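Have a look at the structure below, then the notes.
The values are calculated or read from the model by the stated rules, or taken from the named source; none is laboratory data. The shown structure was predicted, so the numbers you read here are calculated from the model rather than taken from an experiment. Ideal geometry is used to build each Cβ from the backbone, glycine not excepted, and the neighbour counts take in all protein chains shown. Heavy atoms of the whole protein, side chains included, go into the accessibility calculation; ligands, DNA and RNA do not. Shrake-Rupley method; radii C 1.70, N 1.55, O 1.52, S 1.80 Å.
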Amino acid sequence: MQFIELLQSIMPMVLFYSAPLIFTALGGVFSERSGVVNIGLEGLMVMGAFSSIVFNLTFAETFGSLTPWLALLVGAIVAGVFSIMHAVAAVTFHANQVVSGVAINMMAVGLGIFLIHDWYGKGQTDSITQPFYTRSIPILSDIPIIGEMFFSGSYYTSYIAIIFAILSWFVIYKTSFGLRLRSVGEHPMAADTNGISVTRIRYIAVILSGLLAGLGGATYALTISLSFGGSTISGQGFMALAAVIFGKWHPLGAMGAAIFFGFAQALSVAGRNLPFLANVPNVYLVIAPYVLTILALAGFIGRAEAPKANGEPYIKGSR
Amino acid sequence: MFSSRLFNILIPVISVVMGLIVGAIIMLSFGYNPIEGYVALWNGAFGNMYFLGETIRQSTPLILTGLSIAFAFRSGLFNIGAEGQVFIGWVAAVWVGINFDLPLVIHVPLAILIASLAGGFWGFIPGLLKATRGVHEVIVTIMMNYIALHVTNYMIRNVLSENGDTSERIKETASLRSDGLTELFGYSQVHWGFIIALILALFMWFLLEKTTIGYELRAVGYNKHAAHYSGMSVKRNIMMAMIIAGAFAGVAGAMEGLGTFGYMYTHASYTNLGFDGIAVALLGANTAIGSVLAAILFGALKVGALRMPPLAGVPTELVDIVIAVIIFFVASSYIIRWVLLRFKKGER
């Protein structure tokens, strides 16, 4: 029974840590499936976190308890608009996609902190007054064992993230848009010959990744950090990128990987209270997600194949 | 017609100008005076010996991370892992600095050598995985960065100190600082590492352009298949390129450990030396001399930025935006090329 108690105590925390990663990783899946590498996920999360916190601070009194939901939406939209920059560079200007992603990351942090300095006169905002609160889902949380494990003391955003993952799976594998998206990422020339606009699909995919990463950043800001500063988002975007690869570019796989990373993170925080982990130095739990990702890539945990045309700008007429 | 050599010089120059123009527009639109802002920036970077010393100090590790990324680029690899290699080199140099008792002429080179080996090892792992299992080096190096961050933090707390957030100070014999130099540059943090960085830049130029090893590395970077066909070992060259790239970044870490700080402290996140190194390498067109010039530019921007808030009221982060815009334009050189050629056609 001890194991179940452990899961009961740790599961809400796992869901809480993994939600931002799930959203962002789904964004990564869309972008990379269309053949655009998106190292800029980190910067897009920064934009999402920044704009949701600013919105929340400014409009908390106007919208009351509706504020965090609207802030979530604003975070997604701002990051979506910001991601157009990556799309323009990577798709239209044939830029090196990794480099453009690095520029996005630098730009997002620079711009975010610059504006915070300009608007608030300091490098870190105050804490927001209208964050998300943990809730128990009615009825479902009354189920014995599972109810307490999965449906009580979590944020609604965690469940939305999981629903989004299922939706993304449906879109990518069961709709004609998804088929086009995948074909553009595997063999853009063949797709182009069949009358699919590579440019259009890639723009849509990159903007989708911006929206989702913004949602991820906003979720992180509104549930975990509750304020914005230079170090609010430090590495979650790269972690999400790892989840994309660990999940083999599949939305449900990415979700699974994100939950696993959340689990590792929850263990590294709660590990000290668990008898069988008390003697394990924390550092092993902290680096576990990264080491496992490398092992997964090296083919020790099943081979991870990237979409064929990932990272290649598509230049019409060239072979 | 534009020659490719002219393009190689024009593109970075245009990108820098565009970056500064965007910076000026941002300052204007937020009600700051861009002239005041840039004057403060200039004086903060070169205004007197102290600021000049700081600019040199800031440029030193940037030259080395720039070389690291440029070197890997020339061999067809993208070393995003300089960030982690800096951490590992830093911790290794500080470890040697604390734990050995040696005369200066041996202690300093030994510490730098160990740092380069440690950084080289950190580059070897992604190189090995790339060469033997075909794993993309970008993702592995990103992961290695995080592992380095957490492992070095752990080492500082448990090996280099007793649960503290900073290591002990290195012995005087391992320090790159000297009283004469410090005094000359108005008691800034400048150290002799600058000379080491310049020597290594020369070394990289020589290795790439004048030796068989460099020729093979570049050949693999241009076209793996052709290199393989002409009997070069692609795998060996990939591993070697990553080891050397890692070693450069490791020495950058040693500069921080033996020069600027003289100890190491736990980091909550990256030093950004590695990511800025990407900007340096790109702007420097992946050449040794270009990296040196670009590193001095970015070093000056970063140090000068610190004088912008007190003198012109402009937040320092403006410079990060300027640097991001510069990289953005260099990365999109295709469009600059296109516009220039259009322009040229119009003239006729």
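How much of the pair distance distribution for the range B:61-290 lies past 22 Å, counting alpha-carbon pairs only, in percent?
That fraction is 49 percent.
Of the peptides B:292-302, A:159-169, B:176-186, how do they stack up when ordered by the mean number of other Cβ atoms within 10 Å, highest first?
Ranking the peptides B:292-302, A:159-169, B:176-186 by packing returns B:292-302, A:159-169, B:176-186.
Using +1 at the C-beta of Lys and Arg and -1 at the C-beta of Asp and Glu, which of A:Ala298, B:Leu217, B:Leu311 has the Cα lying farthest in the positive direction of the dipole of the protein assembly as shown?
Ranked along the dipole, the leading option is B:Leu217.
What does the average come to when, for each residue of peptide B:125-136, you count the partner chain Cβ atoms lying within 10 Å of its Cβ?
Shielding by partners across B:125-136 averages 3.
Sorted by accessible area (1.4 Å probe), largest first, how do A:Trp249, B:Trp338 line up?
B:Trp338, A:Trp249
Counting only protein heavy atoms and a 1.4 Å probe, tell me what percentage of the protein assembly as shown's accessible area is made up of carbon and sulfur.
Using a 1.4 Å probe with all protein chains present, the protein assembly as shown comes out at 65 percent carbon and sulfur.
Using mean Cβ contacts within 10 Å as the protection proxy, how do B:112-124, B:35-47 order, highest first?
Result, highest mean first: B:112-124, B:35-47.
What is the set of long-range amide H partners of B:Val135 at a cut-off below 5 Å, with H atoms built 1.01 Å from backbone N?
B:Lys130
Please list, in order, the residues from the range A:224-250 whose amide nitrogen is less than 20 Å from a point placed 7 Å along the Cα→Cβ vector of A:Thr134.
Inside the label zone: A:224-227.
Averaged across the residues of A:109-120, what count of C-beta atoms belonging to other chains lies within 10 Å of each residue's C-beta?
Mean partner-chain Cβ count within 10 Å for A:109-120: 5.
Below 21 Å, Cα to Cα, which lysines can A:Lys308 reach? Residues fewer than 8 away in the same chain don't count.
Within the straight-line limit of under 21 Å, A:Lys308 reaches these lysines: A:Lys174, A:Lys248, A:Lys316, B:Lys130, B:Lys224.
Top to bottom by accessible area (1.4 Å), largest first, where do B:His150, A:His86 land?
B:His150, A:His86
Determine the gain in length on full extension of the stretch A:Thr193-A:Ser231; use 0.36 nm per residue of separation and subtract their C-alpha separation, reporting nm with one decimal.
Result for the pair: 9.1 nm of gain on full extension.
Would you please give the residues with an amide H less than 5 Å from that of A:Ile39, counting only those at least 5 places away or on a separate chain, with H modeled from the backbone geometry?
Result for A:Ile39 returns A:Gly101.
Provide the solvent-accessible area of A:Asp192, counting protein heavy atoms only and rolling a 1.4 Å probe, rounded to the nearest 10 Å².
Rounded to the nearest 10, the figure is 30 Å².
Tell me the total accessible area that B and A bury against each other, 1.4 angstrom probe, in square angstrom rounded to 100.
3700 Å²
Along the charge dipole of the protein assembly as shown, which of B:Ala131, A:Gly237, A:Ser176 sits closest to the positive end, that is, farthest toward it, with unit charges on the beta carbon of Lys, Arg, Asp and Glu (+1, +1, -1, -1)?
Toward the positive end, the furthest listed residue is A:Ser176.
At 1.4 Å probe radius, can you tell me the per residue accessible area of the protein assembly as shown in Å²?
That works out to 41 Å² for each residue.
With +1 on the Cβ of every Lys and Arg and -1 on the Cβ of every Asp and Glu, and nothing else charged, how large is the dipole of the range A:2-297 about its Cα centre, in debye rounded to the nearest 20?
With Lys and Arg at +1 and Asp and Glu at -1, about 500 debye.
Once you average over the residues of A:287-294, how many Cβ atoms of partner chains fall within 10 Å of each Cβ?
5
Express in % the proportion of alpha carbon pairs of the range B:166-316 at distances exceeding 18 Å.
It works out to 69 percent of all Cα pairs.
Taking every pair of Cα atoms in the range A:1-149, average 1/r, invert it to obtain the Kirkwood radius, and report Rg/Rh to two decimals.
Radius of gyration relative to Kirkwood radius: 1.07.
Got a number for the accessible area of B:Met204? Probe 1.4 Å, square angstrom, nearest 10.
It works out to around 0 Å².
Give, in nm to one decimal, the length gained when the segment between A:Val171 and A:Asp142 is fully stretched (0.36 nm per residue of separation minus the Cα-Cα distance).
That pair, A:Val171 and A:Asp142, stretches by 7.2 nm at full extension.
Out of all Cα-Cα pairs in the range A:72-204, roughly what percent, to the nearest whole number, are more than 24 Å apart?
Result for the distance tail: 57 percent.
To the nearest 500 deg cm²/dmol, what mean residue ellipticity at 222 nm is calculated for the protein assembly as shown from DSSP H runs of n ≥ 4 alone, each contributing -39,500 (n - 2.57), summed and divided by the residues?
Computed mean residue ellipticity for the protein assembly as shown: -23500 deg cm²/dmol.
Is the C-alpha gyration tensor of the range A:1-67 telling us rounded, prolate or oblate? Criteria: a/c under 1.5 is rounded; beyond that, a/b larger than b/c is prolate, otherwise oblate.
Oblate, because a/c is 1.5 or more while a/b does not exceed b/c.
Tell me whether the protein assembly as shown comes out rounded, prolate or oblate; compute the Cα gyration tensor, take square roots of the eigenvalues as a ≥ b ≥ c, and use a/c under 1.5 as the rounded threshold.
rounded
Within 13 Å, Cβ to Cβ, of B:Glu209, how many net charges do the neighbouring residues add up to if Lys/Arg are +1 and Asp/Glu are -1?
Summing Lys/Arg as +1 and Asp/Glu as -1 gives +2.
Sort A:Thr129, A:Thr232 by heavy-atom solvent-accessible area, probe 1.4 angstrom, most to least.
Largest accessible area first, the residues go A:Thr129, A:Thr232.
Once phi is turned into ³J(HN,Hα) by the Karplus curve 6.51 cos²θ - 1.76 cosθ + 1.60 with θ = phi - 60°, what whole-Hz value does each residue of the range A:44-59 show in order, with x for glycine and proline?
Running phi through 6.51 cos²θ - 1.76 cosθ + 1.60 with θ = phi - 60° gives 5, 5, 4, 4, x, 5, 4, 6, 5, 5, 4, 4, 4, 5, 6, 10 Hz.
Using each residue's phi in the range B:107-119, evaluate 6.51 cos²θ - 1.76 cosθ + 1.60 at θ = phi - 60° and report the 3J(HN,Hα) Karplus result to the nearest Hz, with x for Gly and Pro.
With the stated coefficients, the range B:107-119 comes to 4, 4, x, 4, 4, 5, 4, 5, 4, 5, 5, 5, x Hz.
What is the distance in Å between the Cα centres of the range B:126-141 and the range B:227-301?
Their Cα centres are 18 Å away from one another.
If you project the alpha carbons of the range A:2-297 onto the principal axes, what extent comes out on each, in Å, largest first?
Sorted largest first, the three principal extents are 59, 45, 40 Å.
Could I have the simple spin-label model distance between B:Tyr229 and A:Ser9, label points 7 Å from Cα toward Cβ, reported in nm to one decimal?
6.4 nm
Within a Cβ distance under 11 Å of B:Phe275, other residues only, what is the Lys/Arg minus Asp/Glu net charge?
So the environment of B:Phe275 carries a net charge of -4.
For the range A:64-107 and the range B:76-100, what is the separation of their C-alpha centers, rounded to whole Å?
32 Å
Which whole-Hz couplings ³J(HN,Hα) result when phi for each residue of the range B:309-318 is put into the Karplus expression 6.51 cos²θ - 1.76 cosθ + 1.60, θ = phi - 60°, listed in order with x for Gly and Pro?
For the range B:309-318, the Karplus curve yields x, x, 8, 10, x, 8, x, 4, 5, 3 Hz.
Percent relative contact order of chain A, based on C-alpha pairs within less than 8 angstrom and at least six residues apart?
37 percent
How high is the relative contact order of the range B:61-290? Use alpha-carbon pairs under 8 Å, at least six apart in sequence, and give a whole percent.
Over the range B:61-290, the number comes to 46 percent.
Which value in nm describes the separation of the simple spin-label points at B:Val105 and B:Val339, placed 7 Å from the Cα toward the beta carbon?
It works out to 5.6 nm between the two label points.
Binning at 5 angstrom from zero up to the longest distance, how are the C-alpha pair distances of the range B:1-123 distributed in percent?
2, 9, 10, 12, 15, 14, 14, 11, 7, 4, 2, 0, 0
Which one, B:His267, A:Gln124, B:Met204, is farthest towards the positive end of the dipole of the protein assembly as shown when Lys and Arg carry +1 and Asp and Glu -1 on their Cβ?
It is B:Met204, whose Cα lies furthest towards the positive end.
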